[in-house]
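The values are calculated or read from the model by the stated rules, or taken from the named source; none is laboratory data. Predicted model only: the values in this text are computed from it and were never measured. A quick note on method: Cβ atoms are made from the backbone with ideal geometry, for glycine too, and the neighbour counts reach across all protein chains shown.
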Amino acid sequence: MRRIMSVILAAILFLDVVCLGVLFFTRDSKPEDGGTGEELFSRASIVAVGNNMISEQILSQAAARSNTGGYDFTAVYENVADDIESADLALITQESVISSEHSVSGTYPLYNAPAEIADAFIKTGFDYVNLATNHALDYGEQGLVNTINLLKNEKHLGVLGAVADKGQAGEPVFRRVNGIKIGFVAFTDPDNDKSLPEDSEAFLMISQYEDMIYDAVTSAKQQADFVIALPHWGNEYGSEVTQAQRTLAKKLGDWGADAVIGTNPHELQEIEYISNTDGSRTLVAYSLGNFFSSQEKGELLLGGMLRFEIVRNTRSGEVTLENVSLSGVVTHYGIGTSKVRLYKLSDYTDELADVHGVDRKRTPGFSVKYLKKLLAERISSEFLR
């Protein structure tokens with residue numbers, strides 16, 4: 001009898017162990033949401049590009065493509081639209097105003113693009129237009145106000161770096177994507193020695209307002225999961241990052257910017273992570289170069305599309321930056337700057353490079369190999385894809 005009881009007790013003990021094991025492994029094999037029905041991680045994908053410059057050649061070609069007497073820019077961006085549309089948020093820096101009250105112009109020093117460029121932005125997949133550039137005041141207060149009203153009120157695009165209501169001056173812009181709150185602060189360093197009237201209701205964020213930029217970044221950090229600063233800075237037509245850029249990048253990181261995305265130099269500049277005083281780090285892309293232009297030198301025809309994901313742990317609230325990469329974008333045109341349009345560097349061919357209208361005296365070795373070498377020289381391999 002005692003032996004039978006021992007067997008029964010052993011069997012019961014065995015069953016208990018099995019049940020506990022089943023419970024343990026069943027618990028650990030549940031989906032990442034822990035059975036709550038909510039994802040453990042939420043993600044927001046971002047793509048950002050550099051200067052969008054509309055020259056007279058580009059304007060004349062867009063006018064020729066239009067069947068309505070206006071301008072058609074669709075063909076310009078169609079080869080990169082898939083990459084732009086695939087992001088949750090896409091950002092572009094517009095290197096001119098878009099004012100219907102002023103004559104369209106693509107000639108230095110005054111630039112003014114037609115309203116149809118905003119339609120092209122929408123069709124390509126852009127969500128935000130950064131207006132904080134040195135050409136924002138080419139047509140004064142009214143030109144800037146007209147641009148903001150067109151983009152924001154008529155086309156329902158987000159606007160960064162400038163406001164038509166001075167009561168909103170210096171306020172960060174926020175957007176919630178997939179449960180992640182993102183804050184934006186944009187400003188320009190060069191302003192071409194132009195300024196708004198003291199009594200203007202409009203406002204353009206410039207680097208001289210450092211206290212205001214500090215307030216905007218710190219306020220955004222308090223309210224958002226992730227903060228992106230967009231400075232228009234550095235030396236035009238320069239590949240080297242200036243000490244002023246590095247100093248300001250360090251300040252922006254310490255103030256709370258998680259990513260700094262620069263424009264203005266018209267050439268690609270390096271990307272790096274910088275360390276902040278609180279132990280965090282900030283991604284800094286010093287210049288994404290020209291996204292689109294008809295400039296003549298090879299260095300000015302290669303831009304970058306910066307992509308990254310903002311990832312938030314829905315339980316802990318921890319936010320991380322993942323999958324950071326930059327891919328090349330080439331502005332192509334033929335002899336006489338004909339048929340200007342964009343290509344991804346990954347799709348660009350030697351056949352296209354051979355017929356490019358680039359200034360061969362200034363860039364004698366223009367080719368796919370030249371473009372890839374230039375990209376590798378400017379951008380660390382850890383960021384290239």
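So if I check each of 316, 293, which one is touching a strand residue (DSSP E or B) at 6+ places or on another chain (Cβ under 7 Å), over 18 Å from residue 46 (Cβ atoms) and among the hydroxyl-bearing types (Ser, Thr, Tyr)?
Answer to the check: 293.
For segment 227-238, give me the residue count where each residue is of a type in the set (Gly, Ala, Ser) and in contact with a strand residue (DSSP E or B) (Cβ under 7 Å, 6 or more places away or on another chain).
Qualifying residue count for the region: 1.
Going residue by residue through segment 100-119, is there one that turns out to be under 21 Å from residue 295 (Cα atoms), in contact with a His (Cβ under 7 Å, 6 or more places away or on another chain) and of a type outside the set (A, V, I, L, M, F, W, C)?
yes
Please work out which residue is farthest from residue 141 (Cα to Cα), limiting yourself to segment 164-179 and to residues that are small (Gly, Ala, Ser) and surrounded by fewer than 18 Cβ atoms within 10 Å (Cβ to Cβ).
Only one residue tops the list, namely 179.
Considering only segment 283-308, how many residues are out of contact with any Leu (no Cβ under 7 Å at 6 or more places or on another chain) and within 18 Å of residue 320 (Cα to Cα)?
2
Please work out which one of (1) outside any loop (DSSP other than H, G, I, E, B); (2) in contact with a strand residue (DSSP E or B) (Cβ under 7 Å, 6 or more places away or on another chain) is the condition residue 212 fails and give its number.
With (1) outside any loop (DSSP other than H, G, I, E, B); (2) in contact with a strand residue (DSSP E or B) (Cβ under 7 Å, 6 or more places away or on another chain) applied to residue 212, the lone miss is (2).
Mind listing whichever residues of segment 233-249 are closer than 18 Å to residue 273 by Cβ and touching a helix residue (DSSP H, G or I) at 6+ places or on another chain (Cβ under 9 Å)?
Hits for segment 233-249 are 241, 248.
Report those strands (runs of 3 or more DSSP E) wholly inside segment 138-205 carrying at least 3 residues which are of a type in the set (A, V, I, L, M, F, W, C) and within 22 Å of the chain's Cα centre (by Cα).
In segment 138-205, the matching strands (runs of 3 or more DSSP E) lie at 173-177, 180-188.
Look through segment 95-125, keep the residues that are acidic (Asp, Glu) and not in a loop (DSSP other than H, G, I, E, B), and return whichever of them is surrounded by the most Cβ atoms within 10 Å (Cβ to Cβ).
116
From the list 194, 181, which one is under 23 Å from residue 266 (Cβ atoms) and at pLDDT 95 or above?
Residue meeting the stated conditions: 194.
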